[in-house]
1. Between residue 324 and residue 180, what length in nm is gained on full extension when 0.36 nm per residue of separation is reduced by their alpha carbon distance?
2. Starting from the Cα of residue 130, draw a straight line to each of the aspartates and glutamates and keep only those under 15 Å, dropping any in the same chain fewer than 8 residues away.
3. Report the relative contact order of the stretch 219-330, percent, no decimals, based on alpha-carbon pairs under 8 angstrom and at least 6 residues apart.
4. What ranking do 350-358, 307-315 get when scored by the average of other Cβ atoms within 10 Å per residue, highest first?
5. Under 19 Å Cα-Cα from residue 236, which lysines qualify once same-chain neighbours fewer than 8 residues away are excluded?
6. On a C-alpha basis, how far is the centre of the stretch 369-409 from the centre of the stretch 128-170 in Å? Whole number, if you could?
7. Rounded to whole Å, give me the distance from the Cα center of the stretch 200-227 to that of the stretch 300-350.
8. Setting aside same-chain residues fewer than 8 positions from residue 356, which lysines have a Cα under 22 Å from its Cα?
Amino acid sequence: MEFYWSWVQGHLLTIFSVSVTSILIYHYLMERGTGLRLSKRYRGSIFEAQSKIFLNASQYLISGNKDLAIREFLNAVDLNRETLETYFALGELFRSNGEIEKAISIHRSLIAKETVKESMRLRALKELAKDFDKGGFVDKAIETYQDVLKINRDQEEVVLSLCKIYEDLEDWEQAYNYRITLSKIGRKSQSETISHILVQKAKSYFEKGDVIKCDEDLEEAFRHAPSVSAKILRLKLYLTRGQVDLAKSLLFELLQENPVYASFIFVSLEEGFKGKSFEKNHYQECMNLLREFFLKIKDKDLAPSPSIILSKVRFFKEKNQLGNAYRVLKDSLKNNENNSQVMKIEYIKLLMSLGKYDEFTEEATNFLEGLEQSLTRHYCKLCGYNSDDIFWRCPQCHEWETIQFRWKI
Ligand SMILES: [Zn+2]
């Protein structure tokens with residue numbers, strides 16, 4: 001199958017020329033006897049012209065000049081309406097094959113043909129926009145998609161493409177506008193996505209130090225959907241304004257809803273604050289108050305999560321309170337069965353720092369033995385498949401002789 005496809009791709013134009021020529025011969029033979037409007041003589045000359053074009057094109061193909069071959073094929077568009085679908089198919093194949101310029105020249109010439117119907121011209125314009133999009137010609141893609149919308153506004157697929165382009169560009173203003181359009185013409189709810197976009201928009205205002213506009217967009221985001229990202233940004237705003245009590249209760253609410261996000265929340269709160277330096281100091285002071293509050297939350301008040309424990313350990317270590325870090329980790333490792341390897345590694349490192357060498361030796365030995373038991377004797381170097389059995393053909397990726405040995409005793 002794979003071979004077949006690569007052969008088809010390599011001989012795309014040849015296949016195309018052979019099939020179009022056969023269609024032409026078929027039409028010529030079928031219509032030869034039915035003397036409708038055109039005289040036999042005229043039909044004959046059309047067929048002659050087409051044959052000549054395809055003959056030329058085939059010659060260009062043989063000599064390896066694909067561009068001239070395409071131009072020759074395109075000359076035939078006027079002559080036969082039935083070939084339109086074939087051209088669309090060819091354009092799409094070129095695009096999916098990464099031969100963007102050829103796809104563009106096909107669609108452009110379809111748009112330029114005077115004899116093409118309006119609906120077909122619109123379709124070609126849409127295809128052209130997709131070519132630009134795929135080829136990374138962002139400005140041209142935007143312009144062309146917008147041209148399509150000028151002709152017909154209710155095109156969900158086109159609006160979605162514009163949404164994606166503006167999201168890639170991080171132009172949140174436009175991304176928001178097109179999402180709103182999409183929510184009006186499409187059936188699917190866009191509330192969650194709109195909320196995320198508004199948070200991004202608010203975030204960019206926050207980074208510019210424009211707290212008022214940030215707040216406006218954030219409120220709007222909450223109206224669409226209260227996402228975690230919206231709540232984290234609100235927390236940032238509270239800290240910026242020195243509203244520590246509000247920040248404390250919001251943090252507690254967030255941790256109760258999503259304990260696994262704990263470390264992520266704190267990393268987000270700490271990441272690059274771009275305000276003025278005295279504001280930054282004030283922010284940091286409020287942040288420290290929030291951290292103290294967090295360290296004092298009792299474990300029983302929140303669902304056990306490595307994320308919460310590891311955040312606490314990090315803060316204690318930063319304050320050089322290794323004893324507290326040790327206590328938090330020890331309690332957690334004792335009370336919970338499914339402890340993460342990261343927590344055990346952190347614990348072993350702490351034991352070493354604190355000079356608790358007996359406990360260190362015991363824990364490190366247990367850890368290493370557990371690690372060794374979890375390793376299999378063999379693995380596949382291609383896909384990472386693990387097994388104690390010998391496999392000459394990997395059961396997961398089906399390649400031969402990819403087995404590697406871990407030299408386990
Ligand atoms: Zn494999």
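Rule-based calculations on the coordinates, nothing more; no lab input. Just so it is clear, the structure is predicted and the values come from calculations on it, not from any experiment. Please note: Cβ atoms are built from the backbone with ideal geometry, for glycine as well, and neighbour counts cover all protein chains shown.
1. Extending this stretch completely gives an extra 46.8 nm.
2. Those aspartates and glutamates meeting the cut-off are 92, 99, 101, 139, 143, 147, 156, 157.
3. After rounding, I find 27 percent.
4. 307-315, 350-358
5. 201, 203, 208, 213, 248, 274, 276, 280
6. 47
7. Cα centroid of the stretch 200-227 versus Cα centroid of the stretch 300-350: 34 Å apart.
8. 312, 317, 319, 330, 334, 344
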